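The values are calculated or read from the model by the stated rules, or taken from the named source; none is laboratory data. Computed from a predicted model, the values in this text were never measured in an experiment. FYI the Cβ positions are ideal-geometry reconstructions off the backbone, even for glycines, and counts take in every protein chain you see. When the accessible area is computed, the model is the full protein with side chains, heavy atoms only, and any ligands, DNA or RNA have been set aside. Shrake-Rupley method; radii C 1.70, N 1.55, O 1.52, S 1.80 Å.
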Amino acid sequence: MSAAAIPVEQIKTITMSIYRYDPTVDEKPYMQDLVVEIPTDKDIMVLDALHLAKQQEPSLSYRRSCREGVCGSDGMNINGKNGLACVTPLSEVLKRNKITLRPMPGLPVVRDLIVDMKQFFDQLEKVKPYLITKSDSPDIERKQTPEDREELDGLYECILCGCCSTSCPSFWWNPDKFLGPAALLQSWRFIADTRDEATEERLDDLEDAFSLYRCHGIMNCVSVCPKGLNPTEAISNIRNKLLTREKN
Amino acid sequence: MLVNEVINAKDLPVMEFDGIIVGGGGAGMRASLQLAESGLNTAVISKVFPTRSHTVSAQGGITCAIQSDDPDDDWRWHMFDTVKGSDYIGDQEAIEYMCSEGPKAVFELEHMGLPFSRTEEGRIYQRPFGGQSKDYGKGGQATRTCAAADRTGHSLLHTLYQANLKAGTNFLNEWFAVDLVLNTDDAVVGVIAFKIETGEIYYIKSKATVLATGGAGRIYSSTTNALINSGDGIGMALRAGMPVQDIEMWQFHPTGIHGAGTLVTEGCRGEGGYLLNKDGERFMERYAPNAKDLASRDVVARSMALEILEGRGCGPNADHIFLRLDHLGPEVVHKRLPGITELSKTFAGVDPAVQPIPVVPTCHYMMGGIPTNINGQVISVENGEDKIVDGLFAAGEVACVSVHGGNRLGGNSLLDLVVFGRAAGLYIEESMKQGVEMKNASVDDIDKALERLNKLNASTQGEQVSILKEKMQQNMQNNFGVFRRGDLMEKGIEELSHTRDEVDNMFLQDKSATFNTARIEALEMQNLFEVAEATAITANERKESRGAHARDDHPERDDDNWLKHSIYYAETKEVSKRDVNYRPKTVQAFQPMVRSY
């Protein structure tokens, strides 16, 4: 979609205030106000507006891929709240014809709206985010009841966008020690899977002062998750599991 | 050395691997898993973090005769359906291999942890999909598509990423592969690639290079494809002098959300949904009396397009069709199709448990691609003879092995990518055991692979990428869509030839080395353009209607002249023919029949 293709009467202008920083060119980050023409005959997503902005300012950088909320590329801070640009309707976030976009907080900025996700993925890898089995695999699939499979609903759908962990104050303070909501949700996804045979070692790995217990139940993760998942609940499930284990 | 400097081969740092896989989607990560588990030094080069690859968007499932829903199901019936679906230009040896090896590949995924939905017996849940039958078309609708709700692709991709983490695969995430390095013996000896974040550029040398770069649906303006689907592997192969096969065959998925283009799975119809025109008529009953809404995708897409063309479309502009699901009840809709519910609300503003979804046929899948054998080895055609390209492999959507022929069945793409990603991995593993030597490239060979990048960096004027992309997409949409016509295609080809000069000489304004998405988009545009041009020229050359290729001026299938693959080379822009494989190993070949559903 280009602005040129839209009839004049169906255009309005908005201001997009966007965090800009290219370390090879800029001494320090700055906010750039771009006046962008958008169509009025239909609602567009924040990502569509970014594409229009990039047509005037080709150096503007952000990640994007599926544009339908399943790949997790375009997590960013939209008017102060983390979300996915591709599934956030512009109409919902436009205030006085203006929108402010910044990179997700808490991680180093690579350029413009792009953050370095290394810390986020390092924490994910610590929870061994894969099925661990010790028994031999059958010739066909491992059996699992529909009820047992249902335990994974609300967990397996995570898209690793990083919106939750980068909105979590505990993760901001200790990004190397506290695993963060996304990684802990994945940890529970495997503990909760009846096919997984490594619950004890998974719990052992979490039993220190930081990995899990730095969650203070602030629940920013829940309020920003674009998939409607609940990492806080997953974290409390792990806590309960640890507690009952101690009792036994 | 940085990507925005003048890059000379002699100064270029080198990385070395046994095997490299370009692309971190389902096919790439299935291949890399095989190699990493066998202890080979393997790297995946992916321009996005692997779980952002387009496999993530696959919804409905992976079709395979695992005998869960029906204990008597037979992979040969699946093979029959796939051959028929291909309109008889799918290679039968490859289809036989896919359908018979499929169960093994699917069970492996389950063992890795893929969270399939389950039956009461605890087995993998299967749903009906289009073009499926029992007993070689004689036993009615089959139920053969294995599903994880309507998020099968997401589940599959994440599972493969997890398994690769476990296996210790090297990931070069957010690295962009520019071009293949070919030595003077015509062997592929790696790629030129750069790290997007910093711009550091390398010659990545390998004994085996696997292209698993997926599709190129972004040649059209309306597509279900991710923005990253730019046919990078096709561009690289064509520039390196390899051919593409059946590239004119593009699938238009019946149900893309009107306006947004996002996919609504065929599984909706598998679960009992159906299509309606403005009169509230279930029109598919007229076009496909037996299979109705579960006819093959090409058939359903054409029927929908005809309804719209003949004035029976829905909405104020009569430009779409309704997909009705509300009669299934909120229980089924929310449990079996939770992702669709979410997408419909976001992109169409409707809750499918209450209101119909406005849909329209939308570009979805590239049946054609780089020709390979069942081991994933790339084939070039010289004087009518197949010749294996040394060191180069392809798997998944970028490849044309060919299991989809003129039309792919729903659920067969996920099966294709795991079966043939795995097959390429197995073959490379075995050949490395036998001993494969690392071949060298000369400075000249590497410089040749750097030409494109250096030219773009040196550009001081020219057209903007976004303008060229829109021009190409409109052209493809208008002239090479669901219905095609010789005169329009010739006009389209003429327009493309003008765009070609502009694409070769476009302007990259932003020369930064740091996460420069403008440079990526420019390089992607050149790849897309190679695909568009190949599609256009080949489509005009195939003077018949077969599978997804429907010509108003040649409405009949022409088996006398076109029961053939098309082969296209970018260098000559010429189209030749290649025999279709009718030599399955364990069953009798299925002979062409009239195709009705």
Check: Here are some conditions: (1) more than 23 Å from residue A:125 (Cβ to Cβ); (2) touching a residue at least 60 places away in the same chain (Cβ under 8 Å); (3) open to solvent by 10 Å² or more (accessible area, probe 1.4 Å). Residue B:227 meets all but one. Which one does it not meet?
Finding: (2)
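Per-residue answers, yes or no, for (1) more than 19 Å from the chain's Cα centre (by Cα); (2) open to solvent by less than 50 Å² (accessible area, probe 1.4 Å):
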{"residue": "A:13", "(1), (2)": "yes, no"}
{"residue": "A:32", "(1), (2)": "yes, yes"}
{"residue": "A:55", "(1), (2)": "yes, no"}
{"residue": "A:61", "(1), (2)": "no, yes"}
{"residue": "A:69", "(1), (2)": "no, yes"}
{"residue": "A:76", "(1), (2)": "no, yes"}
{"residue": "A:80", "(1), (2)": "no, no"}
Check: When residue B:65 is evaluated against the numbered criteria (1) open to solvent by 20 Å² or more (accessible area, probe 1.4 Å); (2) within 14 Å of chain A (Cβ to nearest Cβ), which criterion, by number, is the only one it fails?
Finding: (1)
Margin query: Among the residues in region B:23-36, are any within 14 Å of chain A (Cβ to nearest Cβ), within 30 Å of residue B:253 (Cα to Cα) and in contact with a Pro (Cβ under 7 Å, 6 or more places away or on another chain)?
Written below: yes
Item checked: Failed item in (1) in contact (Cβ under 8 Å) with a residue 40 or more places away in the chain; (2) of a type in the set (A, V, I, L, M, F, W, C); (3) open to solvent by less than 60 Å² (accessible area, probe 1.4 Å), with residue B:593 passing the rest -> (3)
Check: Among the helices (runs of 4 or more DSSP H) contained in region B:293-370, which hold 2 or more residues that are in contact with a Phe, Trp or Tyr (Cβ under 7 Å, 6 or more places away or on another chain) and open to solvent by 10 Å² or more (accessible area, probe 1.4 Å)?
Finding: B:297-309
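Suppose the filter is hydroxyl-bearing (Ser, Thr, Tyr) and within 8 Å of chain A (Cβ to nearest Cβ); does residue B:117 pass it?
Considered against the rule, which asks whether it is hydroxyl-bearing (Ser, Thr, Tyr) and within 8 Å of chain A (Cβ to nearest Cβ), residue B:117 comes out as yes.
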Check: Are any residues in region A:140-185 within 19 Å of residue A:205 (Cα to Cα) and not aliphatic (A, V, I, L, M), and if so, which ones?
Finding: A:170, A:171, A:174, A:175, A:176, A:177, A:178, A:180, A:181
Next item on the list: Please work out which residue is nearest to residue B:131 (Cα to Cα), limiting yourself to region B:563-597 and to residues that are in contact with a helix residue (DSSP H, G or I) (Cβ under 7 Å, 6 or more places away or on another chain) and of a type in the set (Lys, Arg).
Entry: B:595
Check: Restricting the first residue to region A:172-195 and requiring it to be under 12 Å from residue A:126 (Cβ atoms), which pairs with a second residue that is β-branched (Val, Ile, Thr) meet a Cβ separation below 8 Å and a spacing of at least six or different chains?
Finding: A:179/A:127; A:183/A:127; A:184/A:127; A:184/A:235; A:184/A:238; A:186/A:127; A:187/A:127; A:187/A:238
Item checked: The lone exception for residue B:234 - which of (1) open to solvent by 10 Å² or more (accessible area, probe 1.4 Å); (2) more than 26 Å from residue B:124 (Cβ to Cβ) it fails -> (1)
Next item on the list: Provide a single number: the residues in region B:534-586 that are assigned to a helix (DSSP H, G or I) and open to solvent by 30 Å² or more (accessible area, probe 1.4 Å).
Entry: 4
Checklist line | Filter result for residue A:124 (modelled with pLDDT of 95 or more, assigned to a helix (DSSP H, G or I) and open to solvent by less than 40 Å² (accessible area, probe 1.4 Å)) | finding: yes
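Tell me which helices (runs of 4 or more DSSP H) are completely within region B:423-519 and hold 2 or more residues being within 14 Å of another protein chain (Cβ to nearest Cβ) and modelled with pLDDT of 95 or more, or say none if there are none.
Values: elements: B:443-458, B:465-479, B:486-504.
The qualifying helices (runs of 4 or more DSSP H) are B:465-479.
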Next item on the list: Return only the number of the condition from (1) of a type in the set (Lys, Arg); (2) free of Cβ contacts under 8 Å to residues at least 60 places away in the same chain; (3) in a helix (DSSP H, G or I) that residue A:214 does not satisfy.
Entry: (3)
Item checked: Yes/no for residue A:92 being surrounded by 15 or more Cβ atoms within 10 Å (Cβ to Cβ), among the acidic types (Asp, Glu) and free of Cβ contacts under 8 Å to residues at least 40 places away in the same chain -> no
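Okay, residues lined up against (1) farther than 30 Å from residue B:6 by Cβ; (2) surrounded by fewer than 24 Cβ atoms within 10 Å (Cβ to Cβ):
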site	(1), (2)
B:137	yes, yes
B:147	yes, no
B:165	yes, yes
B:177	no, no
B:196	no, no
Next item on the list: Among the residues of region B:20-42, count how many are under 22 Å from the mean Cα position of the chain (by Cα) and assigned to a strand (DSSP E or B).
Entry: 3
Check: For residue A:175, all conditions in the list (1) open to solvent by 40 Å² or more (accessible area, probe 1.4 Å); (2) in a loop (DSSP other than H, G, I, E, B) hold save one; what is the number of the exception?
Finding: (1)
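Being at pLDDT 95 or above and within 11 Å of another protein chain (Cβ to nearest Cβ) is true for just one of B:228, B:219, B:204. Which residue is that?
B:228
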Item checked: Residue satisfying all of: in region B:32-56; surrounded by fewer than 24 Cβ atoms within 10 Å (Cβ to Cβ) and among the polar types (S, T, N, Q); nearest to residue B:263 (Cα to Cα) among these -> B:34
Item checked: Unmet requirement for residue B:70, which otherwise passes all of (1) out of contact with any helix residue (DSSP H, G or I) (no Cβ under 9 Å at 6 or more places or on another chain); (2) buried (at least 20 other Cβ atoms within 10 Å of the Cβ); (3) more than 14 Å from chain A (Cβ to nearest Cβ) -> (2)
Check: Does at least one position in region A:195-213 carry a residue that is surrounded by fewer than 24 Cβ atoms within 10 Å (Cβ to Cβ) and within 11 Å of chain B (Cβ to nearest Cβ)?
Finding: yes
Note to self: Looking at (1) assigned to a loop (DSSP other than H, G, I, E, B); (2) buried (at least 24 other Cβ atoms within 10 Å of the Cβ); (3) within 14 Å of another protein chain (Cβ to nearest Cβ), which one does residue B:131 not meet, given that it meets all the others?
What the structure shows: (3)
